[in-house]
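Novice: Please see the structure below; I have some questions.
Read the figures in this text as sums done on the coordinates, not as results from a lab. Since the model is a prediction, treat every value here as computed from it, not as a measurement. Note that we place each Cβ from the backbone using ideal geometry, even for glycine, and neighbour counts take in every protein chain shown.
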Amino acid sequence: MDQKIKPAPAPWGMWAFLRALPRLLVPHLGWFLLSVIALAPGVLMATGMPLLLRALVDRALAAGNPVIATYALAVIALLALLDVGTGPVQRWLASRMATAVGNDLRIRIFSHLERLSVGYYETRQPRLLADLATGGAGAVESALEDALLRAIKQLAIIGFGLFLLFTIEPRLALACGLLLPVVPVGSRLLSTAYDRAQANRWKVMEKQIMLADQSLTAHAMVKAFGLEEAHAALFRRLTLETSRHTRHIAWVEGAMSAAAAGGGYLVLAAAVGIGTVLVLSRSLTLGSMLAFVQLAFSVIRSAQSLSTVVAPMKQAGGALQGASTVLKERPAVADSTGAISLPPLREEIRLEGVYFAYRAGDYVLKGIDAVIPRGTKVAFVGSSGGGKSTVLKMLMRMDDPAAGRVAFDGVSLRRFSLASLRSRLGVVFQETVVVSGSIADNIRIGKPEATDEEVRLAAVAAGLDAHVALLPDGYATTLTEGGLNLSGGQRQRLGIARALLRSPEILVLDEATSALDPISEHAVTEALDHVTRGRTVISVTHRLAQVVDYDHIYVMEGGRVVEEGAHPDLLAAGGTYAQLWAKQSGFQVTADVSGSRIEPRRLRQVPVFAGIGPGTLAGVARRFQVADAEAGTVLITEGDPADRFFILIRGRMEVLKHGRQVAVLTDGDHFGEIALLDHSLRTATVSTLTHCVYASLGRADFEGLVERLPAVREALRRVQAERAAAEAQNPVHA
């Protein structure tokens with residue numbers, strides 16, 4: 001299950017916020033102090049007005065003194081103007097302080113996330129991390145700008161007001177002071193219910209966010225599996241559930257406000273009642289009583305207002321706790337103390353006894369030894385899960401070995417700075433990431449400071465310039481996120497141009513053509529052949545035809561190098577490489593996929609056809625129909641009747657049982673024959689992960705073959721028995 005970043009438990013969220021205040025505010029202490037000073041007119045207005053009222057009643061109106069009345073009214077007007085005039089200034093100062101703190105937090109979180117290793121993101125949801133860097137910092141910013149300064153103002157009014165109440169009438173002040181703690185009692189009693197309601201709403205909102213994100217990101221899969229209505233229904237249910245929790249929170253908030261108001265009215269009633277008694281007994285003047293009641297009202301209202309700052313502070317505290325969780329993460333790969341710049345490669349790159357495990361003890365690389373001489377082309381090949389891509393991670397230092405080392409010219413990679421290593425690499429991935437922006441912007445990702453001419457030359461080298469020249473806006477043409485307005489081949493050419501813009505000494509190809517259709521693959525392969533000349537090239541691929549001219553090939557299986565050598569030598573050895581070659585060979589793929597065909601000799605590698613004679617086998621081969629499918633296409637649906645037998649010619653497919661991936665199929669794999677034999681329903685769903693070319697044989701042709709040829713029937717029974725035994729361990733057949 002993905003580890004998720006979420007707000008901290010609400011009961012201590014506010015205290016987490018308050019504890020973090022010194023660290024947050026020290027860099028911006030000047031702006032914070034100015035924001036607090038700007039609150040003074042509002043505090044003076046709330047606490048000074050009652051004293052002026054007392055002077056107006058007792059010393060001016062009662063005594064008939066117009067001079068004192070004039071002075072009192074003038075001071076009241078001055079305080080009012082000062083309070084109104086400084087309001088916008090105070091808001092600007094508060095915003096200046098809060099945004100400065102929020103920006104610091106955003107930048108710190110994002111910069112730290114950028115430094116974390118690739119492995120960190122394999123168990124996290126990037127969307128939630130992005131929300132933390134933006135929305136989480138926004139919650140802190142909001143709490144600083146509003147809740148914190150409001151709390152300071154209300155506490156100042158309460159403290160100064162209580163002092164003045166005791167100067168007006170100590171006995172009355174003592175009575176009200178004893179009752180004042182009643183004001184927040186109701187809010188405190190409902191606080192747990194409020195925290196629980198907020199937590200429940202967040203859980204539902206998190207599900208809603210993830211559903212929307214995953215559905216919109218994987219919209220092709222949603223359509224392919226017909227999940228639109230199911231996802232819409234689930235989203236509606238989550239929306240209604242969120243609304244229900246929101247209404248519950250509103251009810252609790254209303255109850256908290258009502259409880260605080262009730263407590264305040266109780267204290268105010270006591271003040272009025274006791275004050276009336278004291279006035280009637282001539283122990284208190286009328287002006288003092290009015291001043292006391294107004295001042296008490298200000299204190300009570302401030303105490304009530306304090307309950308409204310708790311929620312935003314808790315939310316900010318939760319965001320800070322989430323940020324703290326991320327900031328405590330240490331990059332698995334970082335520059336060592338005294339790291340030096342990586343010089344140009346002079347001789348070779350070596351992997352020496354490299355072990356690596358994503359989980360303790362579960363090694364995916366087991367003692368890898370490999371040599372990559374400067375200026376040569378070296379490939380790591382093998383089936384899925386063999387450890388090829390992990391070797392690339394070691395070479396690019398996305399992760400560090402658990403044992404052994406990767407050395408450039410005899411010096412461990414750990415001695416060199418990451419920035420200098422990456423500057424020497426140009427990487428072309430299986431899927432080129434295209435961001436929203438122009439073609440030039442996307443190429444310039446490889447070298448942000450590159451000039452327009454450098455961008456154009458890189459595109460020319462990658463074979464992209466001719467396509468760009470046909471566009472009305474040329475390199476300024478806007479691309480959608482994901483590059484949906486480019487073909488797969490054009491996206492890969494863009495990725496090549498991006499890598500070449502760095503003028504890399506070492507070119508790294510990570511399944512650079514495996515996701516492409518035959519026409520695009522041929523074009524991209526030609527571009528790669530051109531740009532790899534004179535460079536050190538390290539390639540990872542499962543498609544052996546891409547590396548037949550490489551200087552050295554390492555064959556990986558189960559995390560080990562099981563064979564190595566040049567293509568002719570590996571074929572002559574008749575080992576794992578030769579078996580993979582035979583599995584992927586025997587297919588003639590044309591630009592017009594429908595004209596492609598399977599060679600009869602290739603069918604002998606399918607167990608059910610192994611015993612058929614050459615003449616019959618040629619007839620069977622002609623009955624296979626070749627087609628292609630884009631990524632995300634569902635070829636077989638679990639529970640449907642079986643109607644075809646499939647051979648995957650090129651591409652990658654996934655096998656799903658009950659929505660869970662149980663296998664990945666690659667070039668040369670076959671599936672579907674058992675369900676055809678026993679007329680059972682499909683036991684799994686098979687969908688394409690990349691563009692795929694496949695051949696299929698219909699039920700009628702297959703059944704006719706079984707009826708005519710005893711050897712096929714016998715082979716099927718044998719395969720069925722073997723598959724039934726394997727099914728108990730890992731059910732993957734379709």
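Novice: Multiply the residue separation of A469 and A419 by 0.36 nm, subtract the distance between their alpha-carbon atoms, and state the gained length in nm to one decimal.
Specialist: Full extension from A469 to A419 adds 14.6 nm.
Novice: Hey, rough spin-label estimate for Q214 and A357, points 7 angstrom out along Cα→Cβ, what's it come to in nanometres?
Specialist: Placing both labels 7 Å along Cα→Cβ, they lie 2.9 nm apart.
Novice: How do L457, L178, L697, L421 rank when sorted from fewest to most other Cβ atoms within 10 Å of their own Cβ?
Specialist: Least crowded to most crowded, the residues run L178, L457, L421, L697.
Novice: While we're looking at this one, here's another question. Give the Cα extents of the stretch 10-327 along the principal axes, in whole Å, largest first.
Specialist: 89, 39, 28
Novice: Once the Cα atoms of helix 710-727 and of the chain are each reduced to a long axis, what angle between those two axes, in degrees from 0 to 90 to the nearest 10, is obtained?
Specialist: Once rounded, one gets 30 degrees.
Novice: Then there's this: What residues qualify as long-range amide H neighbours of F380, i.e. H under 5 Å apart, gap of 5 or more or another chain, H built at 1.01 Å from N?
Specialist: S539, V540, T541, Y554
Novice: Pull up all non-local amide H partners of A663: gap of 5 or more, or a different chain, and H-to-H distance under 5 Å with H placed in the peptide plane.
Specialist: Placed amide hydrogens put V655 under 5 Å from A663.
Novice: F235 to D409: extension gain in nm, 0.36 nm per residue of separation minus the Cα-Cα distance?
Specialist: Net length gain for the segment: 57.0 nm.
Novice: Modelling each spin label as a point 7 Å along the Cα-to-Cβ direction, I'd like the D592/T276 distance in nm, to one decimal.
Specialist: 10.2
Novice: Right, something else. Using θ = phi - 60° and the Karplus curve 6.51 cos²θ - 1.76 cosθ + 1.60, what whole-Hz ³J(HN,Hα) does each residue of the stretch 644-657 get, with Gly and Pro shown as x?
Specialist: Those phi angles translate into 8, 10, 10, 10, 7, 7, 7, x, 9, 10, 10, 10, 10, 10 Hz.
Novice: In nm, to one decimal, how far is the R196 label point from the I68 one, both placed 7 Å along Cα→Cβ?
Specialist: Distance between the two pseudo-spin positions: 5.8 nm.
Novice: Using Cβ contacts closer than 10 Å as the measure, can you line up I349, I76 from fewest to most?
Specialist: Numbers: I349 21, I76 16.
Fewest-to-most ranking of I349, I76: I76, I349.
Novice: With a 10 Å Cβ neighbour count serving as the proxy for reagent exposure, in which order, fewest first, do E454, E511, E630 appear?
Specialist: E630, E454, E511
Novice: Can you list residues whose amide H is under 5 Å from V333's amide H, if they're 5+ apart or on another chain and H is modeled 1.01 Å from N?
Specialist: S117
Novice: Okay, moving on. Suppose R0 equals 41 Å. What FRET efficiency, 1/(1 + (r/R0)^6) with r the Cβ-Cβ distance, do S438 and V562 give to the nearest 0.05?
Specialist: Efficiency, rounded to the nearest 0.05: 0.35.
Novice: Using alpha carbons only, how many degrees (0 to 90, rounded to 10) separate the axis of helix 228-280 from the longest principal axis of the chain?
Specialist: Once rounded, the angle reads 10 degrees.
Novice: Let me ask you something else. Please give the length that would be gained between L34 and T478 if that part of the chain were fully extended, namely 0.36 nm times their separation in residues minus their C-alpha to C-alpha distance (nm, one decimal).
Specialist: 155.3 nm
Novice: May I pose another question? May I ask you to derive the FRET efficiency for T325 and Y121 from their Cβ-Cβ distance with R0 = 22 Å, giving the value to the nearest 0.05?
Specialist: 0.90
Novice: Which whole-Hz ³J(HN,Hα) couplings does the stretch 95-111 yield from phi under the Karplus relation 6.51 cos²θ - 1.76 cosθ + 1.60, θ = phi - 60°, glycine and proline marked x?
Specialist: 5, 4, 5, 5, 5, 5, 5, x, 5, 4, 5, 4, 5, 5, 5, 5, 4
Novice: While we're on this one: If I take every Cα pair under 8 Å that is 6 or more residues apart in the stretch 10-327, average their sequence separation and divide by the length, what percent do I get for the relative contact order?
Specialist: Once divided by the residue count of the stretch 10-327, the mean separation gives 37 percent.
Novice: Just one of [x] 27.0, 99; [y] 26.5, 87; [z] 36.8, 128 is Rg and Dmax of the Cα atoms in Å as worked out from the coordinates here. Which one is it?
Specialist: Computed from these coordinates, Rg and Dmax of the Cα atoms in Å corresponds to label [z].
Novice: Residue by residue, what Karplus-based ³J(HN,Hα) values in Hz, rounded to whole numbers, does the stretch 493-505 have, using 6.51, -1.76 and 1.60 with θ = phi - 60° and x for Gly and Pro?
Specialist: My calculation for the stretch 493-505 gives 4, 4, x, 5, 4, 4, 5, 5, 4, 7, 6, x, 6 Hz in order.
Novice: Moving on to the next point. Nearest 500 deg cm²/dmol is fine: what mean residue ellipticity at 222 nm does the chain get from its DSSP H runs of n ≥ 4 alone, each adding -39,500 (n - 2.57), divided by its residue count?
Specialist: Calculated mean residue ellipticity at 222 nm is -17000 deg cm²/dmol.
Novice: Pairs of alpha-carbon atoms within less than 8 angstrom and 6+ residues apart define the contacts here; what relative contact order does the chain have, in percent?
Specialist: Relative contact order here is 11 percent.
Novice: Could you give the angle, 0 to 90 degrees to the nearest 10, between helix 170-179's Cα long axis and the longest principal axis of the Cα atoms of the chain?
Specialist: Rounded to the nearest ten degrees, it is 30.
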